[in-house]
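Asks: Quick one: the structure is below, questions incoming.
The values are calculated or read from the model by the stated rules, or taken from the named source; none is laboratory data. Computed from a prediction, not measured in an experiment: that's the story for all the values here. Here the Cβ positions follow ideal geometry from the backbone for every residue, glycine too, while neighbour counts run over all protein chains shown. Remember, those area values only see protein heavy atoms, side chains included, never the ligands or the DNA or RNA. Shrake-Rupley method; radii C 1.70, N 1.55, O 1.52, S 1.80 Å.
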Amino acid sequence: MAFTFPVFWITRIISGRISENAMAISPTDIGILLDLVKRHLEKGHSLVVIDSFEYLVVENGFESALKFLLSLKDIVMNFNGTLIVITSPSLYSEKQWGMISRELEKLKLE
């Protein structure tokens, strides 16, 4: 499987390089993930997509995952990039969703 963009697959099953542009990373290695994203933004990539943010919440706890998300948002904004986080409000408490939604703009899909 070859990608023309970097892919970081968050999984506990395998770790390391999958292909030239794909790497598997443990969900608890969020510091490493931040560093990898920053390196690719420095190379000119501009889009970061986090699919199933709730997986990071389960593995790291809400507070740590939110800190990661805020740091990631700051890094992406610093490079004039775009961050898309795919998740569902039903997976969080009202307070947690309030914290997330204050930090991210909801993308309306039609």
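Asks: Run the dipole for the chain about the Cα centre, Lys and Arg Cβ at +1, Asp and Glu Cβ at -1, nothing else charged, and hand back the magnitude in debye, nearest 20.
Replies: Charge dipole, the chain, about its Cα centre: 120 debye, nearest 20.
Asks: May I ask for the angle, rounded to the nearest 10°, between helix 30-42 and the longest principal axis of the chain, with both axes built from Cα atoms and the value confined to 0 to 90°?
Replies: The helix 30-42 is inclined about 70 degrees to the chain.
Asks: Could you work out what % of the accessible surface of the chain is carbon and sulfur, using a 1.4 angstrom probe and leaving DNA, RNA and ligands out of the count?
Replies: Accessible surface attributable to carbon and sulfur in the chain totals 53 percent.
Asks: Please work out the average accessible area per residue across the chain, using the 1.4 Å probe convention, and give it in Å².
Replies: 68
Asks: Of Val49, Asn60, Phe5, which is farthest towards the positive pole of the chain's charge dipole, taken about the Cα centre with +1 and -1 on the beta-carbons of Lys, Arg and Asp, Glu respectively?
Replies: Towards the positive end, the residue furthest out is Phe5.
Asks: Right, something else. Per DSSP H run of at least 4 residues, take -39500 (n - 2.57); add these up for the chain, divide by its residues and hand me the 222 nm value, nearest 500 deg cm²/dmol.
Replies: Counting only the DSSP helices, I get -13500 deg cm²/dmol.
Asks: Report, ordered by chain and residue number, the lysines lying within cross-link reach of Lys73, taken as a straight Cα distance under 16 Å and ignoring same-chain residues fewer than 8 apart.
Replies: Hits, sequence-local ones excluded: Lys38, Lys106.
Asks: Continuing with the same structure: Excluding same-chain residues fewer than 8 positions from Lys43, which aspartates and glutamates have a Cα within less than 16 Å of its Cα?
Replies: Here the aspartates and glutamates satisfying the reach criterion relative to Lys43 are Glu20, Asp35.
Asks: Taking percent of Cα pairs over 19 Å apart as the quantity of interest, determine which of [x] 45; [y] 51; [z] 41 was computed from the displayed structure.
Replies: [x]
Asks: If you stretched the chain out fully between Ser88 and Ile13, how much longer would it get, using 0.36 nm times the residue separation minus the C-alpha to C-alpha distance?
Replies: Here the answer is 24.6 nm.
Asks: Related question: Hand me the trypsin sites (Lys or Arg not before Pro) from the stretch 18-75 located in a DSSP loop with no more than 13 other Cβ atoms within 10 Å, in residue order please.
Replies: In loop regions of the stretch 18-75 (DSSP not H, G, I, E or B), the sparsely surrounded trypsin sites (Lys or Arg not before Pro) are Lys43.
Asks: Also, quick follow-up: If the cut-off is 12 Å between C-alpha atoms, which aspartates and glutamates fall inside it for Lys67, apart from same-chain ones fewer than 8 positions away?
Replies: Glu103
Asks: Order the peptides 91-103, 25-37 from the highest to the lowest mean number of other Cβ atoms within 10 Å of their residues.
Replies: With the highest mean Cβ count within 10 Å placed first, the list reads 25-37, 91-103.
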